[in-house]
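The values are calculated or read from the model by the stated rules, or taken from the named source; none is laboratory data. From a predicted model like this one, the values you see are computed outputs, not experimental measurements. Quick reminder, even Gly has a Cβ in these numbers, built from the backbone with ideal geometry, and neighbours come from all protein chains shown. Surface accessibility is based on the protein's heavy atoms, side chains included, excluding ligands, DNA and RNA. Shrake-Rupley method; radii C 1.70, N 1.55, O 1.52, S 1.80 Å.
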Number of protein chains: 2
Amino acid sequence: MDDAVPTEKASGSLAKGEQTRTLILETALRLFQERGYDKTTMRAIASEAGVSVGNAYYYFKSKEHLIQGFYDRIGEAHAAAVQDVLARETDLAARLEGVLLAWLDIAAPYHEFAAQFFKNAADPNSPLSPFSPESEEPREATVELHRQVLAGSKAALVPELRELMPQLMWLHQMGIVLYWVFDRTEDCERTRRLVQRSSPMVARAIDLSRYRLLRPLAREVADILHDFILPAAGMAAERAPATARRKTRRKKD
Amino acid sequence: MDDAVPTEKASGSLAKGEQTRTLILETALRLFQERGYDKTTMRAIASEAGVSVGNAYYYFKSKEHLIQGFYDRIGEAHAAAVQDVLARETDLAARLEGVLLAWLDIAAPYHEFAAQFFKNAADPNSPLSPFSPESEEPREATVELHRQVLAGSKAALVPELRELMPQLMWLHQMGIVLYWVFDRTEDCERTRRLVQRSSPMVARAIDLSRYRLLRPLAREVADILHDFILPAAGMAAERAPATARRKTRRKKD
């Protein structure tokens, strides 16, 4: 049965395939949470989901792809959840706060898993790090979301920061996520308050970047981001074994 | 032999004890690097160092204490290495750059170990995280060092930021350390350039905090640091098992 992968004829419909994919993903998340990511095998996931190992591998090439699938899913749910606040609010701080609080709502069911999984994502050599080449897609999607947060607001931005500001806002969001992973308060109340406090601060910093007095600092921040922080993903890739690098390249072709 | 712990009579001199301590610490670091931190036992460390297990436990109560001993050692070497630059320079950016470059020099032999060990230190529940209650001593020592960096410079600081600025500078240093862990360039050249670029930026931000226009932002940053970032250590401790918390409390008594 292991090599029985669904074909259009076998699965009948795309919806069926999507259902199986979701079933495998949800089973995997549950097992990761119960047994730990490192100790959970693809075989165990397939068995628990009631599908063949070949079928599981058809949908997800590896455990890492399962996590990437999980990242994608959270990202998609988040993008859908923020449409309302982005259509309603024009104030930058309110837009930013709405987007970040929506993320906390979406991610809430996975908080325990995130705390336990954090070790893996924090490893600079892991493809599961938010800075890795493999995470480029969800990273870009989040940067794009912050571009919308900015574009729909009344905030005036100096041209030289227009490109980099959404990337800085992504970094801010990563800081919030990091804080959330640490947070042990009920319903992550503390992280929610941090979002409510840091969103006006970010909006104020963006607003201040218009002033001539601050241009040199804004330029230094932008240059450091551009020259050092953003290429960090490439640095992590440099260390990856040659086979992993080849795989990444092929993926991009 | 396992219960043969050195007494004054047995070891003869404090210097002898210090030598044994150093021998155990260096052996441990070597084994951690060769076999991985998780897989190295105290028994193996004692055996490789040629001391009894009881003797090893006399100097270091656990593997975690070995890492804390390692942090202390780097901190002491760093404090000694910066005396020269702090006596010579009065420009804030130059003082900061000198202090951070000195840290990179001191830590260079442990770069490979740091990259491999990072997983453990990044775990929010680990006493080995730089934010943990157990890391309070080396953290405070570094904040104090940055207090000196500021105090001996010509930089004017508004009173409300005098207390918090050295803590922000500690956070900046943690950012540099994080970058260094990722860095795969020869002799960590890229991190050295980041230090040379970010030190003037930090000095400029400190200088700008004098201006009235920036006071509200500076106050927001200070408040968030004070209310959210610095108590993060306590948050991590909340999750630690009760026994670990009792130990920490006893240590503080």
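So the values come out like this:
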item: Residue in region A:106-124 that is over 24 Å from A:ALA222 (Cα atoms), within 14 Å of another protein chain (Cβ to nearest Cβ) and outside any helix (DSSP H, G or I) present; result: yes
item: Options B:ALA80, B:ALA107, B:ALA93, B:ALA87; residue that is over 30 Å from B:ARG35 (Cα atoms) and open to solvent by less than 30 Å² (accessible area, probe 1.4 Å); result: B:ALA93
item: Residue check, B:LEU66 under 14 Å from the mean Cα position of the chain (by Cα), open to solvent by less than 20 Å² (accessible area, probe 1.4 Å) and farther than 19 Å from B:GLY175 by Cα; result: yes
item: Cβ-Cβ under 7 Å pairs, at least 6 apart or on other chains, region B:111-135 side basic (Lys, Arg), far side open to solvent by 10 Å² or more (accessible area, probe 1.4 Å) and at pLDDT below 80; result: B:LYS119/A:LYS119; B:LYS119/A:ALA122; B:LYS119/A:ASP123
item: Test for A:ALA141: is it more than 12 Å from chain B (Cβ to nearest Cβ), in a helix (DSSP H, G or I) and under 15 Å from the mean Cα position of the chain (by Cα); result: yes
item: Of all residues in region A:208-230 being open to solvent by 40 Å² or more (accessible area, probe 1.4 Å) and more than 9 Å from chain B (Cβ to nearest Cβ), the one that is modelled with the lowest pLDDT; result: A:LEU230
item: Residue in region B:151-165 that is under 24 Å from A:GLY175 (Cα atoms) and within 11 Å of chain A (Cβ to nearest Cβ) present; result: no
item: Qualifying residues in region B:160-176 (those that are within 17 Å of B:LEU104 (Cβ to Cβ) and free of Cβ contacts under 8 Å to residues at least 40 places away in the same chain) - the one nearest to the chain's Cα centre (by Cα); result: B:TRP170
item: Within region A:184-203, tally of residues that are free of Cβ contacts under 8 Å to residues at least 12 places away in the same chain and either facing chain B (nearest Cβ under 9 Å) or in contact with a Phe, Trp or Tyr (Cβ under 6 Å, 6 or more places away or on another chain) (or both); result: 6
item: Residue list for region A:154-164, restricted to those being in a helix (DSSP H, G or I) and buried (at least 18 other Cβ atoms within 10 Å of the Cβ); result: A:LEU161
